[in-house]
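To start, the structure itself, in structure tokens.
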Amino acid sequence: MKRDQGRLVEWFDEKGYGFIQSDHHKEHKVFLHIQDFAKKGPRPLVGCALDYTVAVDSDGRIRAKDVIYLKASQTQKKFDTRIESFSKQNSNLDKMTIGIIFYWLVIFILLNVGKLPHFYFLWLILVNALTYFAYRRDKNAAQFGLQRIPELTFHLLAILGGWSFAWFAQQKFRHKTQKQPFKKIFFCTVILNILFTIGMLILLEQ
């Protein structure tokens with residue numbers, strides 16, 4: 001078993017467990033139970049830096065063992081790098097959020113002036129709601145070692161119009177925000193859906 005370091009990104013104090021985001025494996029979230037600390041100490045807080053042994057339980061879930069707190073001097077350099085990365089990510093989030101608001105505003109305008117059929121608007125509501133819940137379900141499955149939803153399903157939902165709520169779900173659940181090539185394919189599905197909507201509007205005008 002090897003040791004790794006990361007930060008606590010989720011903590012449910014009343015239940016005594018949470019999840020660590022590994023510094024070296026961004027796609028890994030490691031399960032942590034309060035009993036897995038090497039010695040008793042203060043209750044964990046989200047954002048605290050931890051050093052731990054990587055283990056796999058009987059269900060095949062990655063979990064932390066022999067966990068210890070890291071001192072600020074041991075993690076300051078990494079933390080500063082993360083702040084810079086987080087600032088860049090927030091900038092991208094703001095641009096995408098503005099784009100999504102503009103997209104839905106255009107959809108509402110087209111609907112009100114009769115350029116967009118009501119069934120298409122209802123379809124967008126349905127597929128976006130389905131997409132959001134699919135991300136939530138897959139996030140829970142990833143955390144507890146349950147059967148996952150294929151990535152192709154997420155891309156199909158995005159192409160069919162669910163890309164805007166897919167984006168919000170990715171940010172809320174911190175799910176599939178780092179994984180490549182998923183992100184690149186996701187943005188391609190966004191472009192394809194917008195092109196499809198434009199093409200549909202052109203055909204309806206004829």
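Just so it is clear, none of the values below were taken in a lab; they were calculated from the coordinates. Here the structure is a predicted model, which is why all the values come from computation and not from measurement. So basically every Cβ, Gly included, is an ideal-geometry build from the backbone, and we count neighbours across all protein chains shown.
Below is a table of values for the structure above.
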read-out	value
Cβ pairs under 7 Å, 6+ apart, first in the stretch 181-197 and at negative phi and among the hydroxyl-bearing types (Ser, Thr, Tyr), second assigned to a helix (DSSP H, G or I) and loosely packed, with under 14 Cβ neighbours inside 10 Å	none
Qualifying residues in the stretch 50-66 (those that are among the aliphatic types (A, V, I, L, M) and without any contact (Cβ under 8 Å) to a residue 40 or more places away in the chain) - the one surrounded by the fewest Cβ atoms within 10 Å (Cβ to Cβ)	Val56
Members of the stretch 5-38 that are part of a loop (DSSP other than H, G, I, E, B), within 17 Å of Lys179 (Cα to Cα) and touching a residue at least 24 places away in the same chain (Cβ under 8 Å)	Asp23, Lys26, Glu27, His28
Subset of the stretch 145-170 that is of a type in the set (A, V, I, L, M) and surrounded by fewer than 22 Cβ atoms within 10 Å (Cβ to Cβ) - its residue that is nearest to the chain's Cα centre (by Cα)	Ile149
Verdict on Ala166 being within 22 Å of Phe19 (Cα to Cα) and outside any loop (DSSP other than H, G, I, E, B)	no
The one condition in (1) part of a helix (DSSP H, G or I); (2) under 30 Å from Phe31 (Cα atoms); (3) touching a residue at least 24 places away in the same chain (Cβ under 8 Å); (4) not aromatic (Phe, Trp, Tyr) that Val127 fails to fulfil	(2)
Test for Ala142: is it surrounded by 15 or more Cβ atoms within 10 Å (Cβ to Cβ), in contact with a strand residue (DSSP E or B) (Cβ under 9 Å, 6 or more places away or on another chain) and assigned to a helix (DSSP H, G or I)	yes
